[in-house]
Amino acid sequence: MPSAHDTNMRFKFCFLALLLQVIIIVLFGIFVEYGNFAVSQTLYPIFQDVHVMIFVGFGFLMTFLKKYGFSSVGINMLIAAFGLQWGTLMQGFWHMESGKIRVNIISMINADFSTATALISFGALLGKTSPVQMLILTILEITIFACNEHLVAEIFQATDVGASMTIHAFGAYFGLAATLVLYRPGLKNSHENAESTYHSDLFAMIGTLFLWLFWPSFNSAIAASPFDQSKAVINTYYSLAACAVVTFALSSLVDQRGKFNMVLIQNATLAGGVAVGTCADLSINPFGAMCIGSIAGIISVLGFHFLTPLLESKLNIHDTCGVHNLHGLPGILGGITGIIVTAIKEESRHGTRLTPGMQAAALGSSVGLALAGGALTGAILKLPFLGQASDQNCFDDSVYWEVPEDERAHGVHSNNYDEHSRFEAAM
């Protein structure tokens with residue numbers, strides 16, 4: 001027999017989700033029309049790659065929690081499906097033609113990009129928020145993201161083809177600010193469900209591999225020309241390769257027994273794709289890309305090993321998936337490399353010379369608006385009437401999903417190791 005609380009939450013989510021979908025359909029009917037399809041034939045394969053990253057890559061990357069796999073993949077799908085529609089509108093309002101938003105493959109790619117910010121933030125909040133809260137976060141974050149993206153691209157005229165600053169750093173620090181405001185003291189000493197198993201970590205590795213393989217498409221999708229697109233693909237390809245090798249090496253080094261740590265392999269191997277994003281289409285040569293990827297791997301591994309425990313114990317920032325080390329720090333590194341490259345080389349985009357000052361402004365804007373927006377969003381999500389799981393029910397699918405009875409009663413017990421061990425790498 002469902003409790004009054006369960007019934008209330010059921011109707012609350014249903015009402016909110018349907019209301020938002022109706023509003024979006026109405027707005028699409030008023031504002032959205034077909035755009036220019038001239039580039040659709042050549043860009044559709046890249047769109048497919050990005051789409052797989054959003055729905056499969058991000059979704060499975062977060063399945064490491066032993067009793068939260070349904071939510072990791074399922075809520076990821078909910079956020080992405082809603083976010084790509086809302087992102088189409090929020091980005092489109094900045095580029096209207098004759099009062100209409102023109103949609104084509106490029107706008108679909110950009111809409112997928114906008115959802116990535118919310119999915120990154122979801123990683124920091126994973127297991128601690130309700131579906132209602134995540135829908136509201138998606139609305140607010142994508143709205144602020146679209147404003148920042150317009151500021152970076154149109155006002156500052158900075159380059160960020162792979163979105164190191166505007167997606168990765170923005171999404172990470174937005175999520176970290178939100179999770180700080182939503183901090184639960186009851187989770188300070190970990191939680192029995194905040195554990196992974198051999199098989200849940202293996203599922204998460206599926207997400208890693210999809211992201212790792214398709215990241216060159218992500219970084220090159222909106223490049224200005226075929227030549228720039230090729231450079232972005234090549235630079236990302238070699239940055240990821242160097243990052244992966246460095247990650248394996250350091251993972252073994254920081255472990256007292258010289259063993260690999262799966263949390264590092266799942267996450268830090270991707271940091272090279274994040275960090276090279278800002279200057280992926282610039283003439284940095286494969287050598288430069290490999291240096292960026294190597295530094296990103298080092299920063300990410302050390303972040304997981306030293307910084308994550310410090311943030312949780314000293315600053316009350318509980319980052320479930322370690323997005324600070326995969327997206328935040330490498331995103332800042334990407335912004336800094338953009339500043340350096342434009343300072344030492346003359347680069348231009350769309351007839352405008354790129355300057356280190358504008359690149360620095362873009363980085364500051366992305367991080368600053370993310371922190372402010374995330375804190376404001378966290379305060380809104382904390383409102384009592386929105387509801388959320390109790391501390392005891394965190395990281396548990398059965399709160400929001402129908403799960404098999406044996407899983408609900410017993411969980412998965414083989415090869416468990418607690419959340420702290422996922423982030424300690426070696427202590």
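The table for this structure:
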{"quantity": "Candidates Leu253, Leu180, Leu264, Leu270 - the one that is part of a helix (DSSP H, G or I) and under 25 Å from Asn110 (Cα atoms)", "calculated": "Leu270"}
{"quantity": "Qualifying residue in segment 221-243 (condition: part of a helix (DSSP H, G or I), over 23 Å from Gly303 (Cα atoms) and open to solvent by less than 10 Å² (accessible area, probe 1.4 Å))", "calculated": "yes"}
{"quantity": "Top-ranked residue of segment 93-149 - restricted to ones that are among the hydrophobic types (A, V, I, L, M, F, W, C) and part of a strand (DSSP E or B), ranked as surrounded by the fewest Cβ atoms within 10 Å (Cβ to Cβ)", "calculated": "Val103"}
{"quantity": "Sole residue being touching an Asp or Glu at 6+ places or on another chain (Cβ under 9 Å) and acidic (Asp, Glu), chosen from Glu149, Glu154", "calculated": "Glu149"}
{"quantity": "Test: residue in segment 51-69 that is more than 30 Å from Thr179 (Cβ to Cβ) and of a type in the set (Ser, Thr, Tyr)", "calculated": "no"}
{"quantity": "Single condition Ser313 does not satisfy, out of (1) under 20 Å from Ser239 (Cβ atoms); (2) among the polar types (S, T, N, Q); (3) modelled with pLDDT under 95", "calculated": "(1)"}
{"quantity": "Members of segment 230-273 found to be among the β-branched types (Val, Ile, Thr) and either touching a strand residue (DSSP E or B) at 6+ places or on another chain (Cβ under 9 Å) or under 19 Å from Thr342 (Cβ atoms) (or both), listed by number", "calculated": "Thr236, Val263"}
{"quantity": "Boolean, Arg349 is touching a Ser or Thr at 6+ places or on another chain (Cβ under 6 Å), on the phi < 0 side of the Ramachandran plot and either surrounded by fewer than 21 Cβ atoms within 10 Å (Cβ to Cβ) or β-branched (Val, Ile, Thr) (or both)", "calculated": "yes"}
{"quantity": "Residue that is nearest to the chain's Cα centre (by Cα) [pool: residues in segment 36-87 that are of a type in the set (S, T, N, Q) and surrounded by 24 or more Cβ atoms within 10 Å (Cβ to Cβ)]", "calculated": "Asn76"}
{"quantity": "Test result for Ile142, among the β-branched types (Val, Ile, Thr) and under 21 Å from Lys382 (Cβ atoms)", "calculated": "yes"}
{"quantity": "Any pair with Cβ under 8 angstrom, 6 or more apart, that starts in segment 279-294 at a residue that is in contact (Cβ under 8 Å) with a residue 24 or more places away in the chain and ends at one that is surrounded by fewer than 22 Cβ atoms within 10 Å (Cβ to Cβ) and acidic (Asp, Glu)", "calculated": "Asp281/Asp228; Leu282/Glu347; Ser283/Glu347"}
{"quantity": "Segment 219-259: number of residues that are closer than 18 Å to Gly207 by Cα and without any contact (Cβ under 8 Å) to a residue 60 or more places away in the chain", "calculated": "7"}
{"quantity": "Verdict on Leu18 being at pLDDT 95 or above and open to solvent by less than 50 Å² (accessible area, probe 1.4 Å)", "calculated": "no"}
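The values are calculated or read from the model by the stated rules, or taken from the named source; none is laboratory data. For clarity, every value in this text was computed on a predicted model and none was experimentally measured. Every residue, glycine as well, gets a Cβ built from its backbone with ideal geometry; the counts of neighbours run over all protein chains shown. Just the protein is used for accessible areas: all its heavy atoms, side chains included, with ligands, DNA and RNA removed. Shrake-Rupley method; radii C 1.70, N 1.55, O 1.52, S 1.80 Å.
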